[in-house]
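The values are calculated or read from the model by the stated rules, or taken from the named source; none is laboratory data. Everything numeric in this text was worked out from a predicted model, so none of it was measured. For neighbour counting, all protein chains shown are included, and Cβ atoms are generated from backbone atoms with ideal geometry for every residue, glycine included. Note: accessible area is taken over every heavy atom of the protein model, side chains too, but ligands, DNA and RNA are not part of it. Shrake-Rupley method; radii C 1.70, N 1.55, O 1.52, S 1.80 Å.
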Amino acid sequence: MLRLTKKADYGLMALKYLAEQTSGSAHSAKDIAEAYHIPPQLLAKILQTLAKSGLLVSHAGTNGGYALARSAKEVSAFEVIRAIDGPLFITSCITIHGACDLTSTCTIKEPLRKVNDSIKALLSGIYIADLIEPEHAATNAVGGGLVSIAM
């Protein structure tokens, strides 16, 4: 079964939280952790990772915290997941190196690559703005529809 890691899930939740804030000011890891009942130390590490990848801006000081580096309409779920977990591969043969003992006889590498590419495309079409609750957004269309993955 394909699943998001807890870290990726928490990262998406944190960016959603920041996107919903209308004040435009920075918010602490503690505020976000309390809002979603996320372990604060784990979230702090995730937010640091997202800041290093350029998805968040970190503000130091008494009123410091984190803010989105770009509009929520410009940050895709795929970017967040990749920043936290690294490249998305559903099987080890779909890596950059693609090394496998069964390469010469494998009949599923190409179909699995298509599935991998479809998942990547789907996640690339879902933006943080799409995750915002309806009371925080004018529309609640999610990534053009999450129903189908073309192969």
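Using a probe radius of 1.4 Å on heavy atoms only, what accessible surface per residue do you get for region 1-128? Whole Å² is fine.
Result: 60 Å² per residue.
Hey, got a sec? Which chymotrypsin sites (Phe, Trp or Tyr not before Pro) in region 1-57 land in a DSSP loop and have at most 13 other Cβ atoms within 10 Å?
Passing both the DSSP loop test and the Cβ count: no residue.
Enter the accessible area of Val57 (Å², nearest 10), with the probe set to 1.4 Å and all protein chains included.
In the full protein context, Val57 sits at about 60 Å².
I'd like the accessible area for Lys7: 1.4 Å probe, protein heavy atoms, all chains in place, Å² to the nearest 10.
Accessible area, nearest 10 Å²: 100 Å².
With 21 Å as the limit, write out which pairs from Lys73/Lys114; Lys30/Lys52; Lys6/Lys73; Lys16/Lys45; Lys45/Lys120; Lys6/Lys120 have Cα-Cα distances beyond it, or answer none.
In this structure, Lys73/Lys114; Lys6/Lys73; Lys45/Lys120 exceed 21 Å between Cα atoms.
What nm value, rounded to one decimal, do you get for the distance between Thr91 and Tyr36 when each label is placed 7 Å out toward the C-beta?
Placing both labels 7 Å beyond Cα along the Cβ direction yields 3.1 nm.
Dividing the alpha-carbon radius of gyration of region 24-65 by 2.2 N^0.38 Å (N being the number of residues), what value is obtained? It would help to have the intermediate numbers written out before the result.
Numbers: Rg = 9.9 Å, N = 42, 2.2 N^0.38 = 9.1 Å.
Rounded to two decimals, the normalised Rg is 1.09.
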